[in-house]
Every structure is written in C-alpha cells, then in structure tokens.
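Worksheet: the structure to be examined is printed underneath.
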Amino acid sequence: MSVLVVVECADGEVKKSSLEVASYGAQVAAQLGTTATAIAVGEATEANLAKLGEQGITKVLYDAEPRLKEFVNNAYTKLIATASEQEQAKIIVLANSNIGAAVGSRLSVRLKASLATNVVELPKTDGGQFVVRRGAFSGKAFSDVVLGSDRKIIAVKKNSIEAKHEAGKTAEVASFTAQLSDADFADAPTQVVMQDQAGGVLLPEADKVVSGGRGMKGPENWNLIEDLAKALGAATACSKPVSDVDWRPHHEHVGQTGITVSPNLYIACGISGAIQHLAGVNSSKVIVVINKDPEAPFFKAADYGIVGDVFDVLPKLTAAVKELS
Amino acid sequence: MKFLVCISNVPDTTTKITFTPDNKEFNKTGVQFVINPWDEYALTRAIELKEAAGNGTVTVLNVGEADTEPNIRKALAIGADDAIRVNAAPQDAYFVAEQIAAIAKEGAYDVILMGKESIDYNGFQVHGMVGELLGIPTVAPAMKLDLSGNTATLEREIEGGKEIVTVNTPFVASCQQPMCEPRIPNMRGIMTARTKPLKVVPPVGEPARTTVAEFALPPKKQGVKLIPAESAGDLIKLLRNEAKVI
C-alpha cells in the first residue's frame, strides 16, 4: 500500500497548491511507514515533476496523452483510479480545487472510499481511527471527521499546509498509461477562457490579498487597491456588496457565499466586517483592517488596524512598500 | 424536461456558530434555518428554464427530518411543482448522494441541479457522487446553464477562468452565481404552495462512510494593534519585521 498524490500542473509548472498537497501526502506516508507516489495531470515538464522529490515524493506517474492537458472529469477520474489500483493506494490526497473536488467525489464512489474535503491539518492516526480536521460552516468552525472506509481520499484546502522543500532531492518520473478511450473524453470542455490576469495573482492560490469594500465608494477607485496589491505581489478581492453591484467580478467575492481564503496576509480596506465576510477570511494568518469607523466589527478580528480614510492611507502604504524594495 | 432540484436546510448566513458543551453537535438553539444560498441558484434557474420551454416539471428534493418542511414549502412557493423529502438526517455527503441518486433514477429526471456546496458542511462532494452513482456527467461549479433540446451548454468555473462545457441530458450540475437572480416567494406562490404535493419517503442505501468526532471553533485573535493614520507607513515595517509576512 502507498499514498497516491494527485498533482495538478499548468503551463509546465506544478501548481502551488499541488506542492502543498505533495508535501501533505509525503508526510502522511511517513506517518504510515510507506512512500508517496504522485500522479500528475495537466501540462507538465519532466524536470518540474522530478523536483517533486523536494516535497518528499519518490515516484511520479505521468500519462502523456495530449487530451489530458485540459481537465476532463471522466478521463481524470479513470486515470487516477487506474493509478490508484496499480499503486494499491489506500490513501489518495488531492487539492481542494475545482479539479480536485470534482475528481475526488467521483473517485470516492468508484473506489468505495471515504472522502474528506477542505482538510486543513495532517491526520491523527492514533487510537486506531483515521481523523482529519476540515473547515466547516464556511470558515466559522472546524470538524474532526473520522474516515471509516479502508480507502480514504483527502482534499487539502489551499494555503493550509506549508509545502516542505528539501533542495536537491528528485523523484523518479515514470510514464504511465490509463488506456483511455474517446468515450472517456465525452465531457471535455469545448472551450477554455482564461481571465485577463495582467500579471496579477490568482486569488484562490494567493498568499497575500488586498480586499476592498463599499468604503471604496466606487469601481473607479480600485486603482488604489490594485496599486498596493501590485507592490506587495498580492491578489485583489472584494466584499459581497461590491460584487453584488458589479463594481468587481463575482470571482473576487470573499465570504461565506463567495470563496474562503487563508492567505498569510489579508488587508481589508473599507470593509466593515459582517459575520459572512469574516467567515471567508478568518483563517488568514495576519489580518489588517483599514476603516474610518473605529467601531467597525472587523477590528475585533484583526491583528493590525488603522482607523483612517482609505483614500489617504492606501497611497501611504503603497509608497512604504515600494521603499522596502 | 424533468428537473430535480436538491436543496439543503442550513443555518442562516448571519448565524454565530456554537456547539453543544461536548462539542459533538451543532447547537441549533435560536438558529434560523434557510434554503442553502447556493441551492437558490439551482432552484431559480430550473424554474426559469421550465418557463422558457413552456413545459416540464420542477421537483424539489430534500434529505432531512420533518423540521425542514417550512423551507421545502418555501421552495414550492418560489415555483417548484412538487417536493420529495427523504425522511432522514443528512449523515454525510455519500449518504445524501445515495438518496438523490435513487430518486433521480426512479423518477427518470433529465436535469439534476443543486448548489455548489452547502454553507454548513461545505463538502463540495454530493454532485460528483450523484453523477458517478448514476453514471452520468457532472458539471461543477456551473456559472451559467442554457438548454437547447436535450443539449445543455454550461460555463464551469476554473481557477483563473472558465470552461464552456456541452453535455446531453441526463446530467448533474452544481450552481453558483452569476447563474441567475434568485427569486423570492410572492403572495400567490405562498398560497398555492400549501396544496402542492410533498411526498415523504424512507431512506435507502448503505450507511454513512464518515462521522464527525468533534467540532471546534477557530482560535480567538489576541487583539488588534492600532497604528495612527498619520504614520500609516509604519504598518508596512511591522508586517515585515514583526509579523514577517512581507
């Protein structure tokens, strides 16, 4: 038996969240006295896959079938199920991404496995039970879940596990084929449209986030948010009222009914801190709140705060960041 | 076209989450339950598509005990035609998926819709499990859904963009914004909902594969360190030298 780690790649690179997953899988393997094998999906290079050794992976399987470069739910599920049979994997670890969750849920039925998504910590295996801690109530709480089946699938929340790096270690890259047929690609996307990122950072993977609320007074003022984000190398985000009135696209909406993020640094500008918004950000390591209302509830959830006008404070912060570098 | 819309009964988004003293169960005292906000997109879009086609039915399905019926009636008031309640507490995602798959199969539904995830369990699992149990495609999370005959065109959100996916019925999709503007019940809807059929059926299938051992709340913050607005730049020094995050 071994641990099988699903590694997502794009443009030849292993995604940051998948480095975290690889490190998680290797640590679980060490806990159980076995090794971790990865199965790579998406567009990868052999050199980058071999570097997964730095996260503790011993072997990487890669199917060079060109149609696997884009996500296809059925094909990916079959690929990973086949790899799991070959490796006799009892535990499969993947990212809690739109790919990982879609594949993980199908796999759990196919392999009769118990599945935990949104997992934030390494499992506890003492006492004969296999228990993982996962985020629940949209960031307002955690639940410790017992995975009862012989096979287990764990989807790890982004930015919850720090990826370990042991420089110089390499993994063996082995070619692999799942013998996929045309029928497995029947639900392939007909078109993939990427957002214009303009050198920006993707919010779900970001380790720093600058976020704006109604206090920004209008979309025309978002350059202040973007300037600070750019200086910091951060992603931009917003509160629900802001995306509701279309000042910003909905995929930037952080909160209970948007996305939950857990960056190292979350800077909230002109956001009062409604309970639904706090749910989406309260697993951030450091929270900074800038608001002219000293009574804004967000200050209670913050590590650092500035009571002041965002239009005055933001340019000062951007200038101070530029002075650092 | 037969639509099956799966709804879950969740604490209102303003709820302050607390647990029983042994941390084994969610404390429901004084909590207002609502239709899961993500499921509202599925419900409204199904009604819109039925109206646009001029025929078809929308059935709403909930796995829950009798206390979920007010929200099932609300879904009927919004415009669903009939409802099924599987009389069991939703033990875990797999258990719920088994119930949905059994009902979808029996009723030969063409389009099975639900929200992206529930805001209490946040599993993001049920749609994929239902698709796999039925051997049909799942598109999750979908931001747009259009139907033309038996062919659906969906926009699926991916990190940093979207995919256009075309599938034939039957299929499963999980829904999120900006698919539609969720409707609220009007007075006529509320009146007619009272007499719409609501069937209660017993659960089927295997027991749950996961159990919750304990709940926990996030650690409390130590308290905020305030920096005067005049010397805002000092914040950046603190973030580098004290918090070490930049």
Could you say whether any residue in region B:22-32 is within 21 Å of B:PRO202 (Cβ to Cβ), not hydroxyl-bearing (Ser, Thr, Tyr) and not in a helix (DSSP H, G or I)?
no
By residue number, the members of region A:30-48 that are within 20 Å of A:LEU19 (Cβ to Cβ), in contact (Cβ under 8 Å) with a residue 12 or more places away in the chain and in a helix (DSSP H, G or I) are A:ALA30, A:GLN31, A:GLU46, A:ASN48
Boolean, A:LEU265 is open to solvent by less than 10 Å² (accessible area, probe 1.4 Å), within 25 Å of A:VAL119 (Cα to Cα) and not aromatic (Phe, Trp, Tyr): yes
Checked A:LYS158, A:LYS230, A:LYS217, A:LYS208 against criteria (of a type in the set (Lys, Arg), closer than 30 Å to A:THR125 by Cα and either touching a residue at least 24 places away in the same chain (Cβ under 8 Å) or not assigned by TED's automatic domain parsing to the domain that holds A:TYR24 (or both)); the one match is A:LYS158
*asked:* Being facing another protein chain (nearest Cβ under 7 Å), over 30 Å from B:LEU49 (Cα atoms) and in contact with a helix residue (DSSP H, G or I) (Cβ under 9 Å, 6 or more places away or on another chain) is the requirement here; does B:ILE236 meet it?
replied: yes
So, first residue surrounded by fewer than 24 Cβ atoms within 10 Å (Cβ to Cβ) in region B:124-148, second residue part of a strand (DSSP E or B) and of a type in the set (Ser, Thr, Tyr), Cβ within less than 7 Å, six or more apart or across chains; the pairs are B:ASP146/B:THR153
So, first residue of a type in the set (Asp, Glu) in region B:78-104, second residue in a helix (DSSP H, G or I) and open to solvent by 20 Å² or more (accessible area, probe 1.4 Å), Cβ within less than 7 Å, six or more apart or across chains; the pairs are B:GLU98/B:LEU133
**Prompt:** Scanning for something open to solvent by 20 Å² or more (accessible area, probe 1.4 Å), of a type in the set (Val, Ile, Thr) and at pLDDT below 95, does region A:227-238 turn up at least one residue?
**Reply:** no
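Here is a yes/no grid of residues against (1) out of contact with any Phe, Trp or Tyr (no Cβ under 8 Å at 6 or more places or on another chain); (2) of a type outside the set (Val, Ile, Thr):
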| residue | (1), (2) |
| --- | --- |
| A:LEU278 | no, yes |
| A:ASP293 | yes, yes |
| A:ALA302 | yes, yes |
| A:ILE306 | yes, no |
| A:PHE311 | yes, yes |
| A:ALA319 | yes, yes |
A:ALA136 fails exactly one of (1) open to solvent by 20 Å² or more (accessible area, probe 1.4 Å); (2) farther than 21 Å from B:ILE158 by Cα; (3) within 11 Å of another protein chain (Cβ to nearest Cβ), namely (1)
Scanning region A:114-133 for residues that are open to solvent by 30 Å² or more (accessible area, probe 1.4 Å) and more than 9 Å from chain B (Cβ to nearest Cβ), the one nearest to the chain's Cα centre (by Cα) turns out to be A:GLU121
Within region A:272-288, the residues that are assigned to a loop (DSSP other than H, G, I, E, B) and open to solvent by 10 Å² or more (accessible area, probe 1.4 Å) are A:SER272, A:ALA274, A:ASN282, A:SER283, A:LYS285
Counting only residues that are assigned to a strand (DSSP E or B) and of a type in the set (S, T, N, Q), region B:167-225 contains a total of 4
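Yes or no, residue by residue, for (1) farther than 28 Å from A:GLY12 by Cβ; (2) outside any loop (DSSP other than H, G, I, E, B); (3) charged (D, E, K, R):
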| position | (1), (2), (3) |
| --- | --- |
| A:ALA50 | no, yes, no |
| A:LEU68 | no, yes, no |
| A:LYS78 | no, yes, yes |
| A:VAL109 | yes, yes, no |
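The values are calculated or read from the model by the stated rules, or taken from the named source; none is laboratory data. Just so you know, these numbers come straight off a predicted model, no measurement behind them. All Cβ positions, even for glycine, are placed from backbone atoms using ideal geometry, and neighbour counts span all protein chains on display. Heads up: the accessible areas ignore ligands, DNA and RNA and are worked out on the full protein's heavy atoms, side chains in. Shrake-Rupley method; radii C 1.70, N 1.55, O 1.52, S 1.80 Å.
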